[in-house]
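Enquirer: To start, I am sharing the structure in question, which I have written as structure tokens.
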Amino acid sequence: MTVLLWILGILAVPTVLFALWMARVFVKEYRKELKRASQSPGTEDASEVAEQFGLLPPERQNTDWAAPLPAGWAAALNAARGGDWRPAAKVLHTIGRDWERRSAAVSLFAEQAAEEDAWLLEWETEHPDDPDAAVVRARSTVFLAWKIRGSKRAQYTTREQFEGFHRTLVRSREEIARAAALNPDDPTPYIAEIWVALGLGYPHSEMDKLWAEITARAPYHYEAHFSALQYWCAKWRGSEQLATGFAERAAAGAPLGSLLTALPLIAHYEHDESEDSAVDRTPEMVARVDAALADAAAADPAHPRLPELRHLLAYYLSLQDRDEAALEQFKLVDGYVNALPWRYRNDMAEYYCTIRDSSAAAVAAAAEPAA
Amino acid sequence: MGATLRALRAVALLLGFYALNLVLLAVLAALDAAALRWAPSALAGKIVIVSVLLAVPVIRGMFMLRAPKGEDVAGLEVTEADEPRLWALVRELADAAGTRAPDRIILTGEVNAAVAEQPRLLGLLPGPRRLYLGIPLMTGLSEAQLRAVLAHEYGHFTGGDTRLAAVVVRGRTRIERIIEQFRTRAERKVAEERARQEKAAAKAVAKGKKAKEIDTTGAGLTYRTMARIYTLYGTFYLRASLTTARDQEYAADLAAARIAGRDATASALREIPALATAHAFYLDCYAMLGVRARLLPPRGELFGGFGRMLSARALELVELRAQLPDEPASPYDSHPPIAERVRRIEALPADGRAEEGKGVALDLLTAPERTLAALEDAVLTEEARTFRRAADWDELLNVSMAESLASLDTPLHRALAVYTKDRPTLSGLLAVIDDGQLWRLAQRLPLSDEAAAATGRAFREFVRPMLREALRSMVLAEFSAHSLVTWEFSWERAATAHLPGSLAGDGENDGGTKAGAVLAAAVEAALADRPDTGPLRALLPPAPAA
């Protein structure tokens, strides 16, 4: 009897599987239909409202940067792309000891050198001990390593990618040490090393030493703090507690206008796995956003990282239904969307516009009865 | 379900394995009969033809079910007169286990020991018994451990469970063997097809045509279809009888611990996977190294070398023993995970027999050296027996390396041939590098999806490891062609290449590594973002006047 049941059971399996599969297909189609019916009119309205405020549609948003590049940088980048290193060298020379700007410009050129480095090789040949070329070299090798790894999670990353990642990171350490030796006051090489620490999994004790090197040179450096916060995140080498602690300490200890109030917001964002925005409206989060607003107002308007803070502010103001204030930030950064929180999504421009448009629509609706 | 019921079900399913053929044939016959009777004659003819085509593999499959019966493991049969001590041990253990001693003992070249019965009627009735005893196993185990292994094997016949359980286990080994056979036959078909296509591709390349992609998906289709049906049924059977089989393994382990001692049994269980890994390595890197040069180790060394490698690499063995597989080899494996078996044995109370039989099991043989030599004749294939024997291991290594370097065929060679439409040589490669075409050439290498999608520096970084490896061996091949490389043989380490004096520096001991570093740096320079073949060209032996 058991034998017969076994055999019948086996024969029945494919039929059941087929029926289940068909059912799934039906349910999926049905839900899609429902969505299409309910969604389309609303979104169109909101994007029209946004247009009336002078905001751009997704296809006109720049997805390469968080804000327009400072004068001369774009031209220098283009020259490097075309093989001429001199404009880039000139930009770095002009910046001099403004570490905040220097690290931003180095990243920009290094990203290009991670693609193709013929121009950089030429620069290095003509000026073998140029600290600017050395720091671009070091940073570019770190970028290269991360490019080889790819941006997928560990389980979707191949052994070949990991090996290349590891090999390249290890090699970059020599270049970082050389760049640091050529310009001992510059924190930029050490900031690059944070990304080595992330990839190679430096122990916390090593990271603390590295951090001491950085804060001795630039105590309130935005990019350094942003990078270190990534290290302390749960998805890399730390935990939610360590990341939040680091962010709060940095924000509390920094002078107004240093933009480090962005850190608690980023730490929150990196560890937020909730489905709704309740966790983003707590009094604690409102206070964080207020602090960041004050920080942004006090900052040098030309601070290279100010637009990144504004993107974050716009996002959280919108989630907290402070749409008026949100729209103000959106208007200040509109046109460039490569910043947190949008950056983590493949459809960053669409995502940015969805949140922005919802605030725009809310502001318009509030204005209507008065008009 | 009780144990007896489970066993009954398994026996019924075992019979079903045969019934499967008959059912398949009956279905086809019924289809034909129906077609002839009711369908128009043109259609009926087609149906009959198709069904005959389908019946062929079924009938083939039926014969194949019979085939394993005549299976013969290559080995050296030893009589009681040849090996009195071994026979005495085997008898004593059979007595202790309460089962019949084997009728024949056959020494084999594998890391395995098995008592096989030629069962009659699907294993329902017992038949003559043979003990297969692997010499590599005897080389690696102590006498006490060998006793444990044999006691375990006998335990399968006494188990202490119902008679049916024994039948189930016998049925399992049989079905495992049938599936294995299907698999190897299908693989052989694919390999034949691949060899045929590769030959055609090689010819095409020689004539300067583009080689076709090798595709073996169509090969052995009927075999594989049949194999799939039987494998499906077989795995179904194996799964249905799994619990019975695993219980039997645990029971056999207990019997072994009782007869041969707890510690010997546990350590034998730990030792066998380590030995299997070590032996596979030994065959690859030592014993069969010269096969392509048609060269074998000196007589007696084919099996003798294993013992020496084991003692030289004792530390590595310690590591191997420590990492017990804690998952079964496959979901259908009748053996529970070794880690679990060891745990159960080691949980038994101590029996104070830890110090028994410490000597190497191989010493049970009357004249081990003579036996090892005789075994070579028994297990080597006809063709292998005609191979030349090296004078010593050093010669084997040097000749084999020279041969493999002379016929070197890396992916880089193939890419170079495609790119330049010329015979792939080192000088050709260096010319390509000097012309700044290395990275275009690299695009012809077999690349992973990620590497193929990468551009610029990332692409170069992806392909560099492969290029480095291939270029290094091409350079070694160049030295080897001028007889400038000597290889240092070692049982402990991988062979090291010794390059000519100009490279080697002065210190004798670090000569190899120093030359290696110089070579590595030169290879690195040739593959840099700005390639420089100068250092490498400076190292190379002067080219013969062309």
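Enquirer: Using the Karplus curve 6.51 cos²θ - 1.76 cosθ + 1.60 with θ = phi - 60°, what ³J(HN,Hα) values do you get for each residue of the range B:90-103, in whole Hz, with x for Gly and Pro?
Expert: Each residue of the range B:90-103 in turn: 4, 5, 4, 5, 4, 4, 4, 7, x, 9, 5, 6, x, 8 Hz.
Enquirer: For the range A:224-365, what does the convex hull of the Cα positions come to per residue, in cubic angstrom?
Expert: Residue-normalised Cα hull volume stands at 110 Å³.
Enquirer: Quick query: amide H of B:L296 versus all other amide H atoms, modeled in the peptide plane; which residues come in under 5 Å with a sequence gap of 5 or more or a different chain?
Expert: Here B:R388, B:R389, B:A390 satisfy the definition.
Enquirer: Does a label point 7 Å from the Cα of B:E319, set along Cα-to-beta-carbon, have any residues of the range B:272-288 with amide nitrogen under 19 Å, and which are they?
Expert: Counting backbone N atoms under 19 Å from the label point, the list is B:272-286.
Enquirer: Now a separate question. Which FRET efficiency value, to the nearest 0.05, do you get for B:L232 and B:T496 by plugging their Cβ-Cβ distance into 1/(1 + (r/R0)^6) with R0 = 51 Å?
Expert: Numbers: r = 50 Å, r/R0 = 0.98.
FRET efficiency, B:L232 to B:T496: 0.55.
Enquirer: Let me ask something additional. To one decimal place, what Kirkwood hydrodynamic radius in Å is obtained for the range A:71-218 from all pairs of distinct Cα atoms?
Expert: 15.6 Å
Enquirer: Starting with the fewest neighbours, write out A:S172, B:S473 ranked by other beta-carbon atoms found within 10 Å of each beta-carbon.
Expert: In order of increasing Cβ crowding within 10 Å: B:S473, A:S172.
Enquirer: Using the Karplus curve 6.51 cos²θ - 1.76 cosθ + 1.60 with θ = phi - 60°, what ³J(HN,Hα) values do you get for each residue of the range A:191-206, in whole Hz, with x for Gly and Pro?
Expert: Result, rounded to whole Hz: 5, 4, 5, 4, 6, 6, 4, 4, x, 8, x, 4, x, 4, 4, 5.
Enquirer: For B:T243 and B:E192, compute 0.36 nm times the residue count separating them, minus their Cα-Cα distance, and round to one decimal in nm.
Expert: That works out to 14.5 nm of additional length.
Enquirer: OK, next. With all distinct Cα pairs included, what does the Kirkwood hydrodynamic radius of the range B:408-539 come out to in Å, to one decimal, could you say?
Expert: Taking the inverse mean of 1/r over all distinct Cα pairs, the range B:408-539 comes out at 15.7 Å.
Enquirer: While we're on this one: Roughly how large, in nm² to one decimal, is the mean projection of the convex hull of the alpha-carbon atoms in the range A:303-364?
Expert: Values: hull surface 15.0 nm².
Orientation-averaged projected area of the Cα hull: 3.7 nm².
Enquirer: Using alpha-carbon positions, what is the distance between the centroids of the range B:262-314 and the range A:43-88, in Å?
Expert: Cα centroid of the range B:262-314 versus Cα centroid of the range A:43-88: 65 Å apart.
Enquirer: Just need the relative contact order of the range A:71-218 here, percent rounded to a whole number, with Cα pairs under 8 Å and 6+ apart.
Expert: 20 percent
Enquirer: Let me ask something else about it. What is the distance in Å between the Cα centres of the range A:215-281 and the range A:150-176?
Expert: The two parts, judged by their Cα centres, are 25 Å apart.
Enquirer: A follow-up question, please. Once amide H atoms are placed 1.01 Å from N in the peptide plane, what residues at a sequence separation of 5 or more from B:A354, or on another chain, have their amide H within under 5 Å of its amide H?
Expert: none
Enquirer: Then there's this: Mind sorting A:I176, B:I49 by how few other Cβ atoms lie within 10 Å of their own Cβ, fewest first?
Expert: B:I49, A:I176
Enquirer: To continue, here is another question. Pairs to check: A:K28/A:K152; B:K189/B:K421; A:K147/A:K235; A:K90/A:K147; A:K152/B:K189. Give those whose C-alpha atoms are more than 30 Å from each other in this structure.
Expert: The answer is B:K189/B:K421; A:K152/B:K189.
Enquirer: Regarding chain A, what whole-number volume in Å³ per residue does the convex hull of its Cα atoms give?
Expert: Taking only Cα atoms, chain A has a hull volume of 212 Å³ per residue.
Enquirer: Can you work out the FRET efficiency for the pair A:E48 and A:A234, with r the C-beta to C-beta distance and R0 = 35 Å, to the nearest 0.05? Please report the intermediate quantities before stating the final value.
Expert: Numbers: r = 41 Å, r/R0 = 1.16.
Working from the Cβ atoms, E equals 0.30.
Enquirer: I need A:Y156, A:Y190, B:Y132 ordered by Cβ neighbour count within 10 Å, fewest first.
Expert: Lowest count first: A:Y156, B:Y132, A:Y190.
Enquirer: Please list 3J(HN,Hα) in residue order for the range A:211-226, calculated via the Karplus relation 6.51 cos²θ - 1.76 cosθ + 1.60 where θ = phi - 60°; whole Hz, with x for glycine and proline.
Expert: Rounded to whole hertz, the list is 5, 5, 4, 6, 5, 5, 9, 8, x, 10, 6, 5, 4, 4, 5, 4.
Enquirer: Right, next: Ignoring everything except DSSP H segments at least 4 long, calculate the 222 nm mean residue ellipticity for chain A; use -39,500 (n - 2.57) per segment, divide by total residues, nearest 500.
Expert: It lands at -23500 deg cm²/dmol.
Enquirer: Continuing with the same structure: Given labels modelled 7 Å from the Cα in the Cβ direction, how far is it in nm from A:H204 to B:T366?
Expert: About 7.1 nm separates the two model spin labels.
Here, each number is a calculation from the coordinates, and none is a lab measurement. Fair warning: this is a prediction, and the values are worked out from it, not measured in the lab. We place every Cβ from the backbone using ideal geometry, glycine too, and count neighbours over all the protein chains shown.
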